[in-house]
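A.B. asks: This is the structure I want to talk about, given as structure tokens.
The values are calculated or read from the model by the stated rules, or taken from the named source; none is laboratory data. These numbers come from a predicted model, not from an experiment. Cβ: placed from backbone, ideal geometry, glycine included. Neighbour counts: every protein chain shown.
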Amino acid sequence: MSGDVKKSYGQIFKSSALVGGSSLLSNVFALVRSKGLAVLLGPGGFGLFALYNSILDMTRTIAGLGINTSGVRQIAEAVGTGDEQRIARTVYTLRRVAVVSGALGALLLLLLCKPVSLLTFGNVTKSGAVALLALAAVLADISAGQSALIQGLRRISELAKINVLGALYGTVFGLVIIYFRRDDWGVVLSLVCVAAMGTLTSWWYARKVQVRSLRITLSQARLESSNLLKLGLVFMASSLMTYGATYLIRIIIVGRMSLDALGYYMAAWNWGGQYVGIILAAMGADFYPRLTAVANNHGECNRLVNEQSEVGLLMAGPGVLATLTLAPSVIWVFYSNKFGPAAPILRWICLGMMLRVVSWPMGWIVLAKGARQIFFWTELFSNALYAGLVWLGLRLFGLPGTGIAFFVSCAINVALVYFIVHRMTGFRWSSANRHLTLLFLPLVAVVFAIGTLLNPVPAAVVGLAITAPVGFYSLKLLCQLVPLERLPRSAQKLMRLLRLASTRTGEVPTPEPLVSDPEAEFLEKEIKS
């Protein structure tokens, strides 16, 4: 590989390691919170928590107007031009629009609390708790706007700290509230607490962003707001479709089955997305701004997507195999023995998540190029398809049909997204990605089949026997893709020791001395801090 290509892989790995590490810690706290909720509330209470969370997600999506995503794109473009006045105008506008839109969204939920309660729970007795969610919605939108500012400026280390600290404080205080109040009000207050902690931590770092002071005229503010909202409204519509489909699915499960059934589904869904969610969040934090900067250069754009896909497959594949292998144990350990019916759903969700890793980097091409209509209709089709398949799956297969529906929708989505981006940029998977796909997908299918056909203990033994060498192989390829000098110094020392041990057995030549790299030293300091 050329030096530029190695540098690109190094950048991907560095940002993925930093944000991925923070996402891992955030998800650990989320798992602790889920475990606490599962023990304190049981499956029914876990389902109730999911319904309130769906209402919150939909409200903050409408209130946010998509500016948390479009803001990243606008700031990244402004930074790319080097125009300090344009950067200052964009930052100024983003901060103020986030506060105003969040307040309007909260007011909307206050006005509609009774109809929302009636639609969700079949009565208006919970309208007071629904109204209190308005506070969580405005706090969450302000936090999202501040995080968009940090991400757009590619201050990845600070973004990582926001994720970790917000999750830590939200988990601690949220569980304390649930412990003392195990009803609707306790659930809602815990959601408000999580949103408040996220707002405080994002504000702490966003306030450090120094931009050029300027007087912005009304026409300039209107122009900047218009640029944010044009693309932001498309993002909002997309997110609203996603959360709307999620909300509809949860109501369908409760209507056809029970709150307990929703609790099983949510346990499988939360854990099924944990590991892959960490990988996608890690890659997306730096990937989207980078891709936006080269969106008009199709060759460079396609190269970045292929590199991102390759790293994503290598990082996600072993984790998906391990989750498939240990699904029953995972559910028992991280929730409780009352959540046993979630294990079959989790296996199907793992299959779908592997396909999502394949399609996810390609989908960012549509966003980076600002193809609003294509993005909107693709999201509409995908979400409508998933909701429809869940309804059909419940009728045909019962609760496991929800997992089957997710897998089928992901398979269709991969084909659709590939067709779209191929037409837009001429994108094709690289030979390396084709080989990895042909390696991982059959292995995932084999481990899935083993877990279905064999008893838990022999299935776990065989699954781990497959997962271990695959994990070693993935690590080996990642080390080949990323130059030694691009790793943090602590990782360099570890790799040097491994190579030295191999040298003594005559496997590889004597390693070269460590290369001093200011970026690697900076990253090491950030990780330690």
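A.B. asks: Output yes when any residue across the range 408-430 is assigned to a helix (DSSP H, G or I), assigned by TED's automatic domain parsing to the domain that holds residue 254 and at pLDDT below 85, and no when none is.
C.D. replies: Yes, some residue in the range 408-430 is assigned to a helix (DSSP H, G or I), assigned by TED's automatic domain parsing to the domain that holds residue 254 and at pLDDT below 85.
A.B. asks: Same structure, new question: Please go through the range 319-345 and give me each residue that is within 20 Å of residue 360 (Cβ to Cβ) and surrounded by 22 or more Cβ atoms within 10 Å (Cβ to Cβ), ordered by number.
C.D. replies: Within the range 319-345, 320, 321, 323, 324 qualify.
A.B. asks: Another question, then. With respect to residue 215, determine if the residue is modelled with pLDDT of 80 or more and either among the acidic types (Asp, Glu) or not in a helix (DSSP H, G or I) (or both).
C.D. replies: no
A.B. asks: Out of 304, 321, 262, 346, I need the residue that is of a type outside the set (Val, Ile, Thr), closer than 23 Å to residue 477 by Cβ and either at pLDDT 85 or above or under 16 Å from the mean Cα position of the chain (by Cα) (or both). Which one?
C.D. replies: 321
A.B. asks: Turning to a different aspect of this structure: Conditions: (1) more than 20 Å from the chain's Cα centre (by Cα); (2) touching a residue at least 60 places away in the same chain (Cβ under 8 Å); (3) surrounded by 20 or more Cβ atoms within 10 Å (Cβ to Cβ); (4) closer than 18 Å to residue 269 by Cα. Residue 389 meets all but one. Number of the miss?
C.D. replies: Evaluating residue 389 over (1) more than 20 Å from the chain's Cα centre (by Cα); (2) touching a residue at least 60 places away in the same chain (Cβ under 8 Å); (3) surrounded by 20 or more Cβ atoms within 10 Å (Cβ to Cβ); (4) closer than 18 Å to residue 269 by Cα leaves (2) as the failure.
A.B. asks: I'm trying to understand the selection: among the residues of the range 327-339, which are farther than 15 Å from residue 445 by Cα and either of a type in the set (Val, Ile, Thr) or touching a residue at least 40 places away in the same chain (Cβ under 8 Å) (or both)? Give the derivation first.
C.D. replies: Filtering the range 327-339 down to residues farther than 15 Å from residue 445 by Cα leaves 328-339.
Once the filter is applied, which keeps residues that are farther than 15 Å from residue 445 by Cα and either of a type in the set (Val, Ile, Thr) or touching a residue at least 40 places away in the same chain (Cβ under 8 Å) (or both), the range 327-339 yields 328, 329, 330, 331, 333, 334, 335, 336, 338, 339.
A.B. asks: What number of residues in the range 365-386 are more than 22 Å from residue 296 (Cα to Cα) and either under 19 Å from the mean Cα position of the chain (by Cα) or not assigned by TED's automatic domain parsing to the domain that holds residue 452 (or both)?
C.D. replies: 4
A.B. asks: Identify, from the list 135, 165, the residue that is modelled with pLDDT under 85 and surrounded by 17 or more Cβ atoms within 10 Å (Cβ to Cβ).
C.D. replies: The match here is 165.
A.B. asks: Find the helices (runs of 4 or more DSSP H) located wholly in the range 105-193 whose residues include 3 or more that are touching a His at 6+ places or on another chain (Cβ under 6 Å) and assigned by TED's automatic domain parsing to the domain that holds residue 262, and list them. First the steps, then the outcome.
C.D. replies: Values: elements: 113-121, 127-152, 156-180.
In the range 105-193, there are no helices (runs of 4 or more DSSP H) which contain 3 or more residues that are touching a His at 6+ places or on another chain (Cβ under 6 Å) and assigned by TED's automatic domain parsing to the domain that holds residue 262.
A.B. asks: Another one. Condition check: within 25 Å of residue 174 (Cα to Cα) and at pLDDT below 80. Does residue 272 satisfy that? So that I can check it myself, show each step before the final result.
C.D. replies: Details: within 25 Å of residue 174 (Cα to Cα): yes; at pLDDT below 80: yes.
Criteria met by residue 272.
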